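Student: Below is one structure. I have some questions about it.
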């Protein structure tokens, strides 16, 4: 966890990286209009919760991988958004992400990873 505090991650990356960590997809391609609206609502809810958590943890811990990790684990505990059966899975994924981001250990590799997360969310 100490290493996470030394990895700078701008707040603009928190939503796409969290989506990547948890495997959340908001792709509406090939879905009916009705189901597309459900996906839009889920995405809006996710982004709203994430924005609130991002503000909280970046204010406390700065824009670091450590604050992003705390944001992801806090999201996993949001009972209105995350079903109980997914909570443990999301916590495990957050732990796996810690190993991944620390292993990158290079600013260029981390920047490439962050940019890929943005592309995957859109």
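No value in this document is a laboratory result; all are computed from the given coordinates. Computed from a predicted model, the values in this text were never measured in an experiment. Using ideal geometry, Cβ is built from the backbone for each residue, glycine included, and neighbour counts are taken over all protein chains shown.
Student: Among 52, 103, rank each residue by its count of other Cβ atoms within 10 Å, from fewest to most, as a rough exposure measure.
Tutor: Numbers: 52 14, 103 10.
So the ranking, lowest neighbour count to highest, is 103, 52.
Student: Follow-up. For the chain, what is the calculated [θ] at 222 nm in deg cm²/dmol (nearest 500), taking -39500 (n - 2.57) for each run of four or more DSSP H residues and dividing by its residue count? Let's see the in-between values first.
Tutor: Numbers: 5 runs with 86 residues, N = 122.
-23500 deg cm²/dmol, from helical runs alone.
Student: Can you tell me the mean projection area, over all orientations, of the convex hull of the stretch 77-121's alpha carbons? Units nm², please.
Tutor: Numbers: hull surface 15.3 nm².
Hull-based average projected area comes out at 3.8 nm².
Student: Now, a different point. What's the Cα-based Rg to Rh of the stretch 3-121, Rh via Kirkwood? Write down the numbers at each step before the final one.
Tutor: Working: Rg = 14.4 Å, Rh = 14.7 Å.
Ratio of gyration radius to Kirkwood radius for the stretch 3-121: 0.98.
Student: May I ask you to derive the relative contact order of the stretch 3-121, considering only C-alpha pairs under 8 Å and at least 6 residues apart, and to give it as an integer percent? Please list the in-between numbers first.
Tutor: Values: 102 pairs, mean separation 47.8, N = 119.
Relative CO of the stretch 3-121 lands at 40 percent.
Student: With a Förster radius of 22 Å, plug the Cβ-Cβ distance of residue 81 and residue 55 into 1/(1 + (r/R0)^6) and report the FRET value to the nearest 0.05. Numbers along the way, then the final one.
Tutor: Details: r = 17 Å, r/R0 = 0.76.
Between residue 81 and residue 55 the formula returns 0.85.
Student: What residue among 45, 20, 60 shows peak mean-square fluctuation when the chain is described by a Gaussian network model with Cα springs under 10 Å?
Tutor: Result: 60 has the largest fluctuation of those listed.
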